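Note sheet for the following structure.
Coordinate-derived values only; no laboratory data. Given the structure is predicted, the values throughout are model-derived calculations rather than measurements. Counting neighbours? That spans all protein chains shown, and the Cβs are built from the backbone with ideal geometry, glycine included.
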Amino acid sequence: MKTIWDKMPEAKLKKVMRFAEGYKDFLDRGKTEREQVRESIKVAEKYGFKDLETAKTLQPGDKVYVNNRNKSLCLFTIGKRPLKEGMNILGAHIDSPRLDLKQNPLYEDKGLAMLDTHYYGGIKKYQWVAQPLALHGVICKKDGTVVDVCIGEKEDDPVVGISDLLIHLASEQLKKPGATVVEGEDLNVMVGSIPLKGKKEDPVKENVLAILKEKYDVEEADFISAEIEVVPAGKARDYGLDRSMVIAYGQDDKICAYTSLMALMDAEAVPERTACCILVDKEEVGSQGNTGMESAFFANAIAEMLDRAGEYSELNVRRCLTNSRMLSSDVSAGFDPNYPSVFEPKNSAFLGKGIVFNKYTGARGKGGCNDANAEYIAKLRNVMDKNKIAFQTAEIGKVDAGGGGTIACVLANLNMDVIDAGIAVQNMHACYEVSSKADLYEGYLAYKAFLKDMD
């Protein structure tokens, strides 16, 4: 099977490898949606983007962003045409499956301090035991202070984890199906075992609280207004003896978020149509909430921009949405030769063959999908061929094998043309996912081409 790697010029190979280094670094600095927003703003400001709140007017070539509660982000490069004529939009999500601490998480059990969790998004729960884990997030105190938390990523940091049952005592456990071999309520994170001297009740728990008080100046009650995520510890790494792939946590969907962001950063200084990149939260749990794609924040941002461009009306907001074109930049399931029975090879995505267009996702008769129009796909084919971009089309496995969804249908419900267009990933939703560096770079090129040439 031929891939992008075949006959790749040396000059492009160097670009692929260099781009992958930037990607791995970005993954390491942004494991959560809050960190992704923070790092994306840092990148954008280096490229001349400014907070929309500081802009009184907008002209072609202006670069602005809208930060929604530090958990989702929209970035725009204003084009030559009026906004009401629509935008070219790249939309990715920056949340990933994980474990969240409950609001009252800390307890002691038989001399061990533990944190109670609730899993976020679709996971195989058994994959999260016996792994080094890190704590990322924020603790918000009553006085308005926001404390950033990151434990387990530095070389000299401790890590935490969830125990697994030793094989010698696991005969009954191993009789259970995979879905219940580890139960959700058993995903309790071990964080300490040394008692605090002088404390008779829960001395180990009290010692953990003392450590948190010294390091972050927080009390146990502050967990109520905290968002702490438990994620795999450690850095993104090269995968394969030939270093052709990347293995890391959270590549669904940060691989598309990074390529979309960088495509906008490197887009034309003054595009014909306004170029937009959306980085959104809550996709893994249905896109609801005020930082998810179902919220009004995106339409509100368009209204604010129209106002600064001197074009605002409710009708122009609707015209802008209707006339926009979007790539829902989300990952696709990469064919896995270890599990061929769930894939249909003629309509599967393969690592190393370029960006993947999914006409539809969904499950059970395309339920919950967008199903892009053929006319729109024809235009996309033309853009890809014009720019010599390698692309493939795929479905998420065999009919009735499973399925999934993205933010595509949310934007399509606003009456714009939308298709899922992302990068193939193996081990999706596992602690460590795998992608091809060739696809990473080709995705970036595809998104750039879309922003420039889609009309």
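For Y119, the residues whose amide H sits under 5 Å from its own are D100, ignoring neighbours fewer than 5 places away on the same chain, with H placed 1.01 Å from N.
Once the Cα atoms are used to define both axes, helix 374-386 deviates from the longest principal axis of the chain by about 90 degrees.
Taking packing as the residue-averaged number of other Cβ atoms within 10 angstrom, the listed peptides 225-232, 352-359, 254-261, 148-155 run from highest to lowest as 254-261, 352-359, 225-232, 148-155.
Need one number: convex hull volume per residue for the stretch 19-150, Cα atoms only, in Å³. Write down the numbers at each step before the final one.
Working: hull volume 24.1 nm³, N = 132.
Dividing the Cα hull volume of the stretch 19-150 by its residues yields 183 Å³.
Of all the C-alpha pairs in the chain, what % are more than 34 Å from each other? For the chain, the fraction of Cα-Cα distances above 34 Å is 36 percent. The Cα trace of the stretch 192-349 gives Rg and Dmax of 23.8, 70 Å, the first to one decimal, the second as a whole number.
Based on other C-beta atoms within 10 Å, arrange D371, D453 from fewest to most.
Details: D371 15, D453 18.
If I rank by nearby Cβ atoms, fewest first, I get D371, D453.
Annotation: amide H-H contacts under 5 Å for Y239 (H modelled 1.01 Å from N, sequence separation of 5 or more, or interchain): S244, M245, V246, I247.
Kirkwood analysis of the Cα pair distances in the stretch 320-455 returns a hydrodynamic radius of 15.1 Å. Based on the Kirkwood approach, the hydrodynamic radius assigned to the stretch 264-323 is 13.1 Å, with every pair of different Cα atoms included.
Specify the angular offset, from 0 to 90 degrees and rounded to the nearest 10, of the alpha carbon long axis of helix 203-216 from the longest principal axis of the alpha carbons in the chain. Relative to the chain, helix 203-216 is tipped by roughly 40 degrees. For the listed peptides 334-343, 404-413, a ranking on the average number of other beta carbons within 10 Å per residue, highest first, reads 404-413, 334-343.
Here's how it looks for G334: its modeled amide H is under 5 Å from those of V425, Q426, which are all 5 or more places away or on a different chain.
Relative to the longest principal axis of the Cα atoms of the chain, the long axis of helix 10-29 makes an angle of roughly 40 degrees. Our analysis of the stretch 98-232 gives Rg over Rh at 0.99, with the two radii drawn from alpha carbon positions and Rh computed by the Kirkwood formula.
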